[in-house]
């Protein structure tokens, strides 16, 4: 920050051996040799008693009071723009009484579940949990409704249509022919794909509704399930398209990586072809992961900015640029936490379902091979509903808050959020700066 005129470091020596200019308060004139007061150019030989300084000479302009002792940040430092982490208005070296008696930066405005400034990892996770805790009726109501509806469809399909027992027996039969193994494997993959598709559709709907809830929670405003549905419904078709497009892109990239090795193997390259296939698959997988993180903020961009699919992907790429590892780490941590929470709930229910079905641990192992009874399906389905009810808000909330955090860092979204939340005079204490950058 450009020093205010009249400010100087107390006790600092004049540079280059020059006498200090007449910018501070006038000092007593040297009384030796004459009684006539002259322009004050140096200290008098006899200092006045403590607390009794002479008044400044009439020709000197009024000066600002001396600044407080320098803090750790030094003198003349420009205060960081906006309420950033570890800095913000009122940093040492500022002026105008920021920070209340020079006591440090004031806390950032927090109208909702997060402070309006760049967020740390813990604050993003805490914001997602706080949203679930503060607006639990809406959040858990949405999650429970979607999870129950999805699980009922999955249980009915697994009980009446998707019976994997025959395919599993064929796959475990050493005498099965290649054709039988191929048909059994195809049936198993089809059944698993149908279950995954139903689950994915439920996740999309829950994410869309919870995105609206979390965005309102940032402003400290509650929202009902009907309001969330009314806000999210126009964007649902685009969200479906985006959710299906991203896995297709990842699969295409991974397939392109393995294609040269597969062609070399078919051409008779032998072990070299297999090695090339493995290396190409690893390279393709790494590129696919890189792309998925680049596009990981597309969903909130599509829902909150009312963008199209391609525009939302472009927005996500722009927001993630330069922060790939940070976004990757936070998303990975949120996924691990959500899976741990789901496992804590689902696994005990799976053992309970096996015990109630009358087969104990053997029934649990048989369930993994496709021999599923109605008791096992219903009891384990209850565990899946509870697990989804807890994990939906975590994954959706972290993604939305990460999107908001990136926009605060890059686009000063905190100003718009503060205005929307009704925060008065937000950012007015730092003219010329960009809060939240």
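The values are calculated or read from the model by the stated rules, or taken from the named source; none is laboratory data. What you see is a predicted model, and the numbers here were worked out from it, not measured in a lab. Methodologically, a virtual Cβ is constructed for each residue, glycine included, from the backbone with ideal geometry; neighbour enumeration extends over all protein chains shown.
Among the residues of the stretch 231-250, the ones that are touching a helix residue (DSSP H, G or I) at 6+ places or on another chain (Cβ under 9 Å) and either free of Cβ contacts under 8 Å to residues at least 24 places away in the same chain or not in a helix (DSSP H, G or I) (or both) come to 4 in all. Tell me, please, whether a residue that is at pLDDT 85 or above, under 19 Å from residue 126 (Cα atoms) and out of contact with any strand residue (DSSP E or B) (no Cβ under 6 Å at 6 or more places or on another chain) can be found in the stretch 346-367. The answer is no; no qualifying residue exists. Can you tell me how many residues within the stretch 302-335 are over 14 Å from the mean Cα position of the chain (by Cα), within 14 Å of residue 399 (Cα to Cα) and loosely packed, with under 15 Cβ neighbours inside 10 Å? Of the residues in the stretch 302-335, 0 are over 14 Å from the mean Cα position of the chain (by Cα), within 14 Å of residue 399 (Cα to Cα) and loosely packed, with under 15 Cβ neighbours inside 10 Å.
Yes/no matrix, rows are residues, columns are (1) out of contact with any helix residue (DSSP H, G or I) (no Cβ under 7 Å at 6 or more places or on another chain); (2) at pLDDT below 90; (3) assigned to a helix (DSSP H, G or I); (4) surrounded by fewer than 20 Cβ atoms within 10 Å (Cβ to Cβ):
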residue	(1), (2), (3), (4)
91	yes, yes, no, no
142	no, no, yes, no
156	yes, yes, yes, yes
167	no, yes, yes, no
174	yes, yes, no, yes
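Yes or no: the stretch 256-265 includes at least one residue that is part of a helix (DSSP H, G or I), in contact (Cβ under 8 Å) with a residue 40 or more places away in the chain and buried (at least 16 other Cβ atoms within 10 Å of the Cβ). Checked the stretch 256-265: no residue is part of a helix (DSSP H, G or I), in contact (Cβ under 8 Å) with a residue 40 or more places away in the chain and buried (at least 16 other Cβ atoms within 10 Å of the Cβ).
Residues checked against (1) in contact with a helix residue (DSSP H, G or I) (Cβ under 7 Å, 6 or more places away or on another chain); (2) surrounded by 19 or more Cβ atoms within 10 Å (Cβ to Cβ); (3) modelled with pLDDT under 90:
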| residue | (1), (2), (3) |
| --- | --- |
| 388 | yes, yes, yes |
| 398 | yes, yes, no |
| 402 | yes, yes, no |
| 411 | no, no, no |
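On inspection, residue 188 passes the criterion of being crowded, with 16+ Cβ neighbours inside 10 Å, over 34 Å from the mean Cα position of the chain (by Cα), assigned to a helix (DSSP H, G or I) and at pLDDT 70 or above.
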